[in-house]
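> Take a look at this one; I'll ask things after.
A short reminder: the numbers here are calculations on the coordinates, not readings from a lab. Quantities reported herein were computed from a predicted structural model and do not represent experimental measurements. When we count neighbours, we look across all protein chains shown, and the Cβ atoms used for this are built from the backbone with ideal geometry, even at glycine.
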Amino acid sequence: MITHPDNVEPNAFTQAQLDWLPWLPPLPQAQLTERHLAGLVDAARAKSPYFMLLARDPDILGARTRTDKDIFYNVEAGLPRAERELAATATSRFNGCIYCASVHARFASHFSPRSADVQRLLDEGVSARLDPRWDAIVAASVALTSTPIEFGASHIQALRAVGLDDLAISDVIHGAAFFNWANRLMLSLGEPALPAA
Amino acid sequence: MTVVHAFPDVIDQLVGVVAGGAVDEVRARRPLARLHAQQSYQAIFEPAPPPPGHDGAFSAVERFAVATFVAALHRQPAFIAFYATGLSRAGASTAVQETLIAAAQQGATSGPYGSYPAGALSAEDVQGPNYTVSAAHRAVLGVRLAAALAHAHLLVLHPRDAKAEGLRALLDAGWSPDEIVTLSQLVSFLSFQVRVVVGLRALSELPAVAAAA
């Protein structure tokens, strides 16, 4: 177990770049095998303490990463990229993952480009009113993230009412669901940190 | 791109997807997500032997036991039945199965709750229980599984309360760092899978009106 007694964790949601400090030792570079590299998917991820910690179980890491990539990067129809990132940001905001929210708020701002609205979501939380379409996506993500899950027919009707087809609704479901996976890993295996100056 | 996948996969089964129906169609448009969600399930619940030098003590009984507890915390009957069946198949006794369900009933509450690092966000702190397995349940499940269930409860319901020091209880109960990563993936993956299932089921139950026009 690794503690970081000198780290002052960021205590606000931000679109700024943050670091992440692991609570268990990442896999040492010298122990990387072909199976680990396959799990990392991108060799550059061997520089990331997060991915090198997850590489302790390479098969599930590889499958997780490939699931992630198709949900967010498959641009074939469905929900625009910006709004998939909005679902990820809203989910992270509601679960309370400051690190995940920072990354995906930056993406949502980049692709939309509505940085001020994204910042209001971070500052005011998931009840911030943005516009009818974004509000429906945020509300659906939050309902799906609640335990017990509160997502149902009313959310689907609200998403249809703002113009989403079934594939786009499925993209909202998968984007929010995936961040229920990612948030729990980031929150429970390490902590965010402000980048070293 | 053609991706061959088994139909129905676990998500299809839990949703009740009909081949060629609306949900089958939308899942087919994201073929790699569909394939790798299933491969994620298989990596966790039907794992290949661990790499040389890594231990493989996280047994099938333990994996399905934690999954049954997580399913019960979500109160989704089809999801509970699926993982409880896996638990029986892995060889767990009825006593273990009943104890997991009873433990989840004691731990079940609404989430996500928890606290933020002190500051402006403290106004959003939501208090909730810090679940530990009762002595009676621990006597049936053992120290190792009891520690895993407490950790699973934290991840499912109040993940923002996680602290580095909290991993000490898992390490003390015999969980290695490799196994803690797998345990975290298991609980986090199930948090994803159950939401995909509930979301797609809602979609399948509300066909688009435009399609009939």
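> Going highest first, how would you order B:180-191, A:41-52 by mean Cβ packing within 10 Å?
Packing proxy ranking, top to bottom: B:180-191, A:41-52.
> Here's something else I'd like to know. Averaging sequence separations of C-alpha pairs under 8 Å and six or more residues apart, then dividing by the length of chain A, give the relative contact order as a whole percent.
Relative contact order comes out at 30 percent.
> Treating only the Cβ atoms of Lys and Arg (+1) and Asp and Glu (-1) as charged, compute the dipole magnitude of segment A:79-187 about its Cα centre; round to the nearest 20 debye.
It comes to approximately 200 debye.
> Something else: Over segment A:79-187, what is the relative contact order in percent, taking alpha-carbon pairs closer than 8 angstrom and at least six residues apart?
Numbers: 146 pairs, mean separation 39.6, N = 109.
36 percent.
> Also: For helix A:115-124, report the angle its Cα long axis makes with the longest principal axis of the Cα atoms of chain A; keep it between 0 and 90° and round to the nearest 10°.
Taking Cα atoms only, the helix is inclined about 80 degrees.
> Report the calculated FRET efficiency for residue A:111 and residue B:124 (r = Cβ-Cβ distance, R0 = 30 Å), to the nearest 0.05.
It comes out at approximately 0.65.
> Shape call for chain B from the C-alpha gyration tensor, a ≥ b ≥ c root eigenvalues: rounded (a/c under 1.5), prolate (a/b greater than b/c) or oblate?
prolate
> Another question, if that's okay. Could you check the simple spin-label distance between residue B:173 and residue B:95, using points 7 Å along Cα→Cβ, in nm with one decimal?
With each label placed 7 Å out from Cα toward Cβ, I get 1.9 nm.
> Quick one: compute the contact order of segment B:23-134, relative version, from alpha carbon pairs under 8 angstrom and 6+ residues apart, as a percent.
18 percent
> Another question, then. Calculate the mean, over all residues of peptide A:66-73, of how many other protein chain Cβ atoms lie within 10 angstrom of the residue's Cβ.
Average neighbour count from other chains, rounded to a whole number: 6.
> Helix B:143-157 sits at what angle to the longest principal axis of chain B, using alpha carbons and giving 0 to 90 degrees rounded to 10?
Approximately 50 degrees, to the nearest 10.
> Assuming R0 = 22 Å, what is the FRET efficiency of residue B:25 and residue A:133, from their Cβ-Cβ distance, to the nearest 0.05? It would help to have the intermediate numbers written out before the result.
Numbers: r = 23 Å, r/R0 = 1.06.
Approximately 0.40, to the nearest 0.05.
> Taking a ≥ b ≥ c as the square roots of the Cα gyration tensor eigenvalues, with a/c under 1.5 meaning rounded and otherwise prolate when a/b beats b/c, else oblate, which class fits segment B:128-174?
Note, shape of segment B:128-174 comes out oblate.
> To continue, here is another question. Of B:202, B:116, B:148, which is farthest on the positive side of the dipole of chain B, counting Cα position, with +1 on Lys and Arg Cβ, -1 on Asp and Glu Cβ, and the Cα centre as origin?
My answer, from the dipole projection, is B:202.
> Follow-up. Over the alpha-carbon set of chain A, divide Rg by the Kirkwood Rh and report the Rg/Rh ratio to two decimals.
Details: Rg = 17.3 Å, Rh = 17.5 Å.
Looking at chain A, the ratio lands at 0.99.
> Let me ask something else about it. Taking only Cα atoms, what is the 0 to 90° angle, nearest 10, from helix A:132-145's long axis to the longest principal axis of chain A?
Relative to chain A, helix A:132-145 is tipped by roughly 50 degrees.
> Which residue fluctuates the most in chain A, going by a Gaussian network model with Cα springs under 10 Å, if the choices are A:59, A:123, A:131?
Judging by the Gaussian network model, the answer is A:131.
> Assuming R0 = 35 Å, can you tell me the calculated FRET efficiency for the pair residue B:110 and residue B:139, based on Cβ-Cβ distance, to the nearest 0.05?
0.75
> While we're looking at this one, here's another question. Work out, step by step, the length gained on full extension between residue B:102 and residue B:6: first 0.36 nm times the residue separation, then minus their alpha carbon distance; give nm to one decimal.
Taking residue B:102 through residue B:6 to full extension adds about 31.1 nm, to one decimal.
> With a/c under 1.5 counting as rounded, go ahead and sort the protein assembly as shown into rounded, prolate or oblate using the C-alpha gyration tensor (a ≥ b ≥ c being the square roots of the eigenvalues; past the cut-off, prolate if a/b is larger than b/c, else oblate).
Rounded is the answer for the protein assembly as shown, as its axis ratio a/c remains below 1.5.
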